[in-house]
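Q: Structure below; questions to follow.
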Amino acid sequence: MSLSKDLLFLILQFCDEEDLKKTAHMLEHETGLFFNVNYFEDQVLSGNWDEAERYLSGFTKLEDNKYSMKIYFEIRKQKFLEALDECDRARALDILLKDLNVFASSNEDLYKEMIQLLTLDDFRKHDSLSSYGDTRSARKCMMNELKNIIEANPSFHGKLKFPHINKSRLRRLINQGLNWQHIHCTYPQQNPDIETLFTDHQCPLPDHPYGQSIENNLLSSKATSKSISPLSGNTTSDPSTISQSIISDEAVNLGAPTNQDATSERDEDSDNTSKTGSTGILDEVVSPITYAGQSNSTEFNIPDDLPKTVGRILNEDSSPTSMDFHPVQQTFLLVGTNVGDVGLWEVISGEKLFSSKFSVWKIKAISNTFLVALLKDTHVSVNRILWSPDGLLFGVAYSKHIVQLYSYHGGSNIRKQLEIDAHVGGVNDLSFSKPNEQLLVITCGDDKFIQVWDVTTGTKQYKFEGHEGPVYSLCAHVKENIDFLFSTSTNGEIKAWLYDNMGSRVAYDAPGRCCTRMAYSADGKRLFSCGTTKDGESYFIEWDESEGYVKRTYQGLQNCSSDVVQFDTSKNRFLAAGDDHLIKIWDIDHSGLLTIIDADGDLPASPYVRFNKKGEFLAVFADHNRIKILANDNGLHLLQTSEYYSNNAHGVLSEALRKLVINPIPTAADAGVADGGVPLDGDRGNLVDLNPELPAENDDILEVKNFSEINKPSQCQSLRLPSEVKTNKISRLIYTNAGNAILALTSNGIHLLWKWSKDETNLSGKVTTKVPPQLWQPRSGLLMTNDFTGINFEEVLSCLTLSRNDSYVVSASGGRISVFNMMTFKTMTTFMPPPPAATCISLYPQDNNIIAVGMDDSTILIYNIRVDKVISMLKGHSKRITGLAFSSVLDVLVSSGVDSQVVVWDTIGWKKKKSILMWVPLERFQLAPSNTHVQFHQDQRHFLAVHETHIAIYETTKLERLKQWVIGPFCARISHATFSCDSQLIYASFLDGTVLIFSASDLLLQCEINPTAYLPSDISSTEYALVIAAHPQKPNQFALGLRDGGVVIFEPLESEGKWGMVPPVDDGSMNRMPMVFPFGFLKEMLD
């Protein structure tokens, strides 16, 4: 985009911020740069037809293309119908002759029908308009259709999304320009008077120009310059109206640097050095600035992607002391408190998934010293709580002696792993490291020692000595395949260690010998520390880790902190510290304070802060035992859609977490214990435990948590979709990507499209069980029907896929492949006549014109629809292809077939990379050749493989089977299965009509839906579900395609909100007995 276009966008943003809406829309219309759909919709819904057309004309003309003609026609048709509805036939006739006459030549029959409407008392008597409601709902329906047409219209491509621009960007650029001009003034004044932007700024000559040298004046400017208000005609030095200096305190510097910090700062910012007048550095203006007529705000210049808005508040029972976001499931927050409680929160829903009060797991194993300390003072608090890098473990360091490790199995499934009596006194910090592929936990404490432990056995691996004071914090890191550890003590010592017994390799002092904590940036390339001296002076710095000197000092911390200031980093871009009852933010590359966030107040003096890995959320401790979750725009969107996400708090985590059930981390009890490790099984006579151990799993019985069974229609929400078209069984089923319609392909090649309207009863316009849809057909009555020339449709394997913008569908039912227009149902093209017949189709994610076509002869064709050309033919299967799935992350295509083979293909050169045979329990089943299916997980790195006997999760690059679930020998076969839209659930349909819903992380059953819940009792038992599809935005909604040609949609009850909610058992007991699968369902544990 040219700079002139950039400038126009900045002007549009400025107009919007200044509430110059009319001016902005005039500029949009005149430039044609940005089509404001919201403004256009307002005009349509208000019936301002002339303004709607005028605005539209700035972007497209009626004759530009068929989409544009359709838009203009719909607007004028609606205007015509409203005139008729108001019985104003004169106005209706005028509209017909002046506005609609232009369409007569292209569709004479339609124009004649509109003429006939003038003769009717009520135009709703016309068959095509019988469903026309009131004016408001008609406008809404039309607008929904117009949005789809506009998105498909090439005239609007690149014009529907406003570019991402930081707030008040034009003002900021002007400020920077004024900054530059002011720093070049011969005699810069402390409070320059900026009266106009029409000419360059120049400070006037002083009253006594020869009173001091230029050098002294510049030095004075550095010391005393406080602020200028560049867009204001007035000047002031009142601190209540001026936020901070627009000119950095380091803007002018004539002398040589006095320390390495200044040298580094100058070298890194040398591109910004003044070329004339001085040798000083002009830092980017990032601090808040007050403009004329604008009040001071601590959040004025916050970047859009920085979490700044309080979106959720979590309430603990006691004061939180430490917290950490899960490294993979980044909405899960661990919290430790001042009374030793440990909790796990899901911040999207605000649900507390797990809570445990402090207890010693094995009294007999603790040291006498610890026992005496407990007897003297029973109070124990959490000093540090931390996830392991893979999220499979977390550790809790307590204020007395011990560290406890828990293993994490997803959701609220948390198990005790290991208890270590680690230090005499408090355990101040812990960290995880994996030298030589051995996972270790490192602890430090008041006894001045650092201890390294094996997380499996609790065996002590190393003991580091050398600190002269209590060790306060740890920072483990790996660089160039060398694992090492930084440690800091309360007296300001910083030491570095390798995992050996050779002592510390590096030792130096923190600035001011402060008690400090260290952390690396997300990419592991930059090292930071933040700490506070005993006198309350705080230092926030970046280190040169190789040389051990201060690279940059960040300004803005108060000098009277009562506690050690805590900090965190985010996305290699931001630094955040809790100080002076505020959250202070720095750009990682600039020493000046970027902004300040008060989080709606009520923060402690030095609040603890923590980002999640993506930087969408920033958690901060608040008064009254609260944790405030700040969110950026993306995070707020997640919070606003919590009805979807909270339903799946017990979700998929990572490849390693999936392996956890297959190869669980051994406990200390399994491996034996040495030194301070405490076994968790065995004699429980002295076990102090408020959370009993989970029972061991049995290989023959799959224990299920939150398993529910649905047998009646009243136990869930379901809707059978209406259809007047006579059809056979549903062969393929898919939701539109917009989530507002369902498309089904029947075995006789007919496509059925159900659409949901956006109105008062369905505000989202999405597929729902609460409102019946309309079986949609164009006015022509045309059906989308596949080619069946010479085909017996009872023997074919149908295939179906949708374009990403839902504008066309690619489909086949044994004959030629057809491409249909989703608006008109017209056939756009056909290709690839059989034999061989197409059996599976998938769109290439990089190009909508390229498809992969699985064939009946076991080949896969990569075909370009636009040029009608086969790009490549892939050979690797021995029987027909039934499953295809692309990964846009790995650039691979995964295929499966009747030969039970899974093949991974490289999409760059279309070469075979790897293949594997799916495990099929031949010894257990009498099997005929079976269709198989594949579907990628949301992470695009794992995929679901479906066979009639089992479902399995695979890792793609190694083709490693991580988990699988197998039916029993006397059970119905699987007809189809699919991930939910967030990949946290798997929906599976069976040939007896049963639907099972699994947790995708561990393939545990969450819910069983029996056919009695959705099929009438008089329906034959053979009318089972053939295909299943999941809603693209609602994780708890799915649809079934039935053998009788019906389609049924399912959602959980509103009172439950998600699948698998178990009704309480009213038997007076506190605990519910674990439930098991029905007979024959087995869980396969892989070796």
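The values are calculated or read from the model by the stated rules, or taken from the named source; none is laboratory data. All of these numbers come straight from a predicted model, not from anything done at the bench. In this analysis, Cβ positions are derived from the backbone assuming ideal geometry, glycine residues included, and neighbour counts consider all displayed protein chains. For accessibility, only protein heavy atoms count, side chains too; no ligands or nucleic acids. Shrake-Rupley method; radii C 1.70, N 1.55, O 1.52, S 1.80 Å.
Q: Determine the distance separating the Cα centre of segment 103-159 from the Cα centre of segment 518-583; give it in Å without decimals.
A: Computed from Cα coordinates, the inter-centre distance equals 62 Å.
Q: Starting from the residue with the highest accessible area, list HIS637, HIS942 in decreasing order, probe 1.4 Å. Each step should come with its number before you reach the end.
A: Values: HIS637 100, HIS942 10 Å².
Most to least solvent-accessible, the answer reads HIS637, HIS942.
Q: Continuing with this model, one more query. Fully extended, how many nm does the chain gain between GLU30 and LYS167 (0.36 nm per residue separation, minus their Cα-Cα distance)?
A: 46.9 nm
Q: Related question: Could you give the size of the charge dipole of segment 970-1060 about its Cα centre, using +1 on the Cβ of each K and R and -1 on the Cβ of each D and E, expressed in debye and rounded to the nearest 20? Mind showing how you got there, number by number?
A: Numbers: 4 positive and 10 negative charges, 45 e Å.
Roughly 220 debye, rounded to the nearest 20.
Q: Provide the per-residue ³J(HN,Hα) series for segment 17-27, in order, calculated from phi with Karplus coefficients 6.51, -1.76, 1.60 and θ = phi - 60°, each as a whole number of Hz, with x at glycine and proline positions.
A: Residue by residue, segment 17-27 yields 5, 8, 6, 9, 5, 4, 4, 4, 5, 5, 5 Hz.
Q: Go through 393-402, 817-826 and give me the packing order, highest mean Cβ count within 10 Å leading. Write out the running numbers ahead of the final one.
A: Values: 393-402: 24.4, 817-826: 18.8.
In descending order of packing, they fall as 393-402, 817-826.
Q: Here's another thing I want to ask about it. Residues of segment 161-175 with amide nitrogen under 20 Å from the 7 Å Cα-to-Cβ point of ASP42?
A: Output list for this probe position: 161-163, 168.
Q: Evaluate 2.2 N^0.38 Å with N set to the residue count of segment 35-156, then give the Cα radius of gyration divided by it.
A: Numbers: Rg = 14.1 Å, N = 122, 2.2 N^0.38 = 13.7 Å.
Compactness ratio reported: 1.03.
Q: Please compute the modelled spin-label separation between ILE115 and GLU709, points set 7 Å along Cα→Cβ, answer in nm with one decimal.
A: Between GLU709 and ILE115, the label points sit 6.9 nm apart.
Q: As a quick test, which of the pairs LYS308/LYS614; LYS140/LYS755; LYS879/LYS911; LYS357/LYS416; LYS5/LYS167; LYS463/LYS551 have an alpha carbon distance above 22 angstrom in this structure? Walk me through the numbers before you get to the answer.
A: Values: LYS308/LYS614 15 Å; LYS140/LYS755 14 Å; LYS879/LYS911 19 Å; LYS357/LYS416 13 Å; LYS5/LYS167 18 Å; LYS463/LYS551 31 Å.
Check vs 22 Å cut-off fails for LYS463/LYS551.
Q: How much length, in nm to one decimal, is gained on full extension between LEU371 and SER137, taken as 0.36 nm per residue of separation minus their Cα-Cα distance?
A: Values: separation 234, 0.36 × 234 = 84.24 nm, distance 7.33 nm.
This chain segment gains 76.9 nm when fully extended.
Q: So if R0 is 41 Å, what FRET efficiency would ASP64 and ASP1044 give, r being the distance between their Cβ atoms, rounded to the nearest 0.05? Kindly include the intermediate steps, with their values, before the conclusion.
A: Details: r = 46 Å, r/R0 = 1.12.
That pair, ASP64 with ASP1044, gives E of 0.35.
Q: With each pseudo-label sitting 7 Å past Cα toward Cβ, what's the SER562-SER4 distance in nm, one decimal?
A: 6.2 nm
Q: Set the Förster distance to 30 Å, then compute FRET efficiency between LYS869 and SER57 from the Cβ-Cβ distance, nearest 0.05. Spell out each step's value before the answer.
A: Values: r = 39 Å, r/R0 = 1.31.
According to the calculation, E is roughly 0.15.
Q: Can you find, among PHE432, ILE414, GLY445, the residue farthest towards the positive end of the dipole of segment 390-450? Put +1 on the C-beta of Lys and Arg, -1 on that of Asp and Glu.
A: ILE414
Q: When the Karplus curve 6.51 cos²θ - 1.76 cosθ + 1.60 is applied with θ = phi - 60°, which whole-Hz ³J(HN,Hα) does each residue of segment 440-445 get, with x for Gly and Pro?
A: Working through the residues one at a time gives 10, 10, 10, 10, 9, x Hz.
Q: Another question, then. Which far-off residues, 5 or more places away or on another chain, put their amide H under 5 Å from the one on LEU1026, with H placed in the peptide plane?
A: Result for LEU1026 returns GLY1041, LEU1042, ARG1043.
Q: Just to make sure I understand: if all protein chains stay in place, what is the order of SER915, SER68, SER4 by accessible area at 1.4 Å, largest first?
A: On the way: SER915 50, SER68 0, SER4 75 Å².
Listed by decreasing accessible area, they come as SER4, SER915, SER68.
Q: May I pose another question? Using 7 Å Cα-to-Cβ label points, what is the ASP857/PHE14 separation (nm, one decimal)?
A: 6.6 nm
Q: For a quick check of understanding: with a 1.4 angstrom probe and all protein chains in place, what accessible area in square angstrom does LYS770 have, to the nearest ten?
A: Number for this one is 110 Å².
Q: Given a 1.4 Å probe and the protein chains all in place, what does the accessible area of CYS87 round to, in Å² to the nearest 10?
A: 90 Å²
Q: Can you tell me how much longer the chain between SER1055 and ALA90 gets when fully stretched, taken as 0.36 nm per residue apart minus their C-alpha distance, in nm with one decimal? Write down the numbers at each step before the final one.
A: Working: separation 965, 0.36 × 965 = 347.40 nm, distance 5.38 nm.
Length gained between SER1055 and ALA90: 342.0 nm.
Q: Quick one: which residues, 5 or more positions from PHE574 or on another chain, have an amide H under 5 Å from its amide H? H modelled 1.01 Å from N in the peptide plane, none for Pro or chain starts.
A: Amide H neighbours of PHE574, under 5 Å, 5+ apart: ILE588.
Q: What is the list of residues in segment 546-562 whose amide nitrogen lies under 20 Å from a point 7 angstrom out from the Cα of HIS379, following Cα to Cβ?
A: 562
Q: Only Lys, Arg, Asp and Glu count, each charged at its Cβ (+1, +1, -1, -1), so figure out the dipole size of segment 1-123 about its Cα centre, rounded to 20 debye. Walk me through the numbers on the way to the answer.
A: On the way: 14 positive and 26 negative charges, 88 e Å.
Result for segment 1-123 is approximately 420 debye, rounded to the nearest 20.
Q: Non-local amide H neighbours of VAL328 (under 5 Å, H modeled in plane, Pro and chain starts lacking H): which ones?
A: Placed amide hydrogens put nothing under 5 Å from VAL328.
Q: Let me ask something additional. Evaluate E = 1/(1 + (r/R0)^6) for HIS624 and ASP193, where r is the Cβ-Cβ distance and R0 equals 45 Å; express this FRET efficiency to the nearest 0.05. Each step should come with its number before you reach the end.
A: Working: r = 48 Å, r/R0 = 1.06.
With R0 = 45 Å, the Cβ-Cβ based efficiency is 0.40.
Q: Next question, about the same structure. Would you kindly find the accessible area of GLU537, with a 1.4 Å probe and non-protein molecules such as ligands, DNA and RNA excluded, rounding to the nearest 10 Å²?
A: Number for this one is 80 Å².
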